[in-house]
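For reference, the structure is listed below as structure tokens.
The values are calculated or read from the model by the stated rules, or taken from the named source; none is laboratory data. The model shown is predicted, which means the values in this text are computed figures rather than measured ones. Virtual Cβ from ideal backbone geometry, glycine too; neighbours counted across all protein chains shown. All accessible areas refer to the heavy atoms of the entire protein, side chains included, with ligands and DNA or RNA removed. Shrake-Rupley method; radii C 1.70, N 1.55, O 1.52, S 1.80 Å.
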Amino acid sequence: MEEDGSLRFSSVSLKDTGKYTFIAFTAYGKEIGRGEVEIKVYEKAPKPTVKIICTKDGNATLICDIGERKDLTLSWYKEDKIIQNENKPQVFLSSTQVQENKPYSCEAHNPVSSNKSDSVTVS
């Protein structure tokens, strides 16, 4: 506890995530307030990898692989410009888009960090 009455967490880990109840007292011991606060601790976002699945008709599906992480939001980029800000692990490319030969990448992010994959070009 700090001199001003605040509570400081240091070296937090995922196990510190949760709801905390607090009670505030005057210097004379009289209760002046109480409440509950939720604290969330996040892991650093990993660097995703993009996997390519091609079909015989020239279309392709790009998959953003972040392992088993469920706490991340995904975004897709084409030539470093965002093309899909929905939380979808894959993006479909028509044969016309494949023929453009443009680089694609995905980004995994949470409230405290983000990490972008290497760019891939479907050819």
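Let's see how each residue does on (1) in contact with a Ser or Thr (Cβ under 7 Å, 6 or more places away or on another chain); (2) farther than 14 Å from Ser117 by Cβ:
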| site | (1), (2) |
| --- | --- |
| Phe25 | no, yes |
| Gly29 | no, yes |
| Gly35 | no, yes |
| Ala45 | yes, no |
| Lys56 | no, yes |
| Gly67 | no, no |
| Asp71 | no, yes |
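Condition test on Glu38, is it open to solvent by 100 Å² or more (accessible area, probe 1.4 Å), free of Cβ contacts under 8 Å to residues at least 24 places away in the same chain and under 25 Å from Glu107 (Cα atoms)? Outline the logic, then answer.
Details: open to solvent by 100 Å² or more (accessible area, probe 1.4 Å): yes; free of Cβ contacts under 8 Å to residues at least 24 places away in the same chain: yes; under 25 Å from Glu107 (Cα atoms): no.
Answer is no for this residue.
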Given the condition open to solvent by 70 Å² or more (accessible area, probe 1.4 Å), more than 13 Å from the chain's Cα centre (by Cα) and at pLDDT 95 or above, answer yes or no: does some residue in the range 110-118 qualify?
yes
Can you confirm whether Lys70 is in a loop (DSSP other than H, G, I, E, B) and either in contact (Cβ under 8 Å) with a residue 12 or more places away in the chain or of a type in the set (D, E, K, R) (or both)?
yes
Selection from the range 22-35 of residues that are loosely packed, with under 11 Cβ neighbours inside 10 Å and either of a type outside the set (Val, Ile, Thr) or at pLDDT 95 or above (or both)
Ala27, Tyr28, Gly29, Lys30, Glu31, Gly33, Arg34, Gly35
Picked from the range 76-95 (must be closer than 14 Å to Pro48 by Cα and outside any loop (DSSP other than H, G, I, E, B)), the residue most open to solvent (accessible area, probe 1.4 Å) is Gln90
Is there any pair with a first residue in the range 96-117 that is of a type outside the set (D, E, K, R) and a second that is surrounded by fewer than 17 Cβ atoms within 10 Å (Cβ to Cβ) and in a helix (DSSP H, G or I) whose Cβ atoms are under 7 Å apart and which are 6 or more apart or on different chains, and what are they?
none
Take the residues in the range 1-49 that are assigned to a loop (DSSP other than H, G, I, E, B) and of a type in the set (Ser, Thr, Tyr); name whichever of them is farthest from the chain's Cα centre (by Cα).
Tyr28
Sort out which residues of the range 1-21 are farther than 29 Å from Ser117 by Cβ, open to solvent by less than 100 Å² (accessible area, probe 1.4 Å) and in contact with a strand residue (DSSP E or B) (Cβ under 9 Å, 6 or more places away or on another chain), and write them in order of number.
Gly5, Phe9, Asp16, Gly18, Tyr20
What residue, among those in the range 97-107 that are assigned to a helix (DSSP H, G or I) and either closer than 15 Å to Thr61 by Cβ or in contact with a Lys or Arg (Cβ under 7 Å, 6 or more places away or on another chain) (or both), is least open to solvent (accessible area, probe 1.4 Å)?
Val98
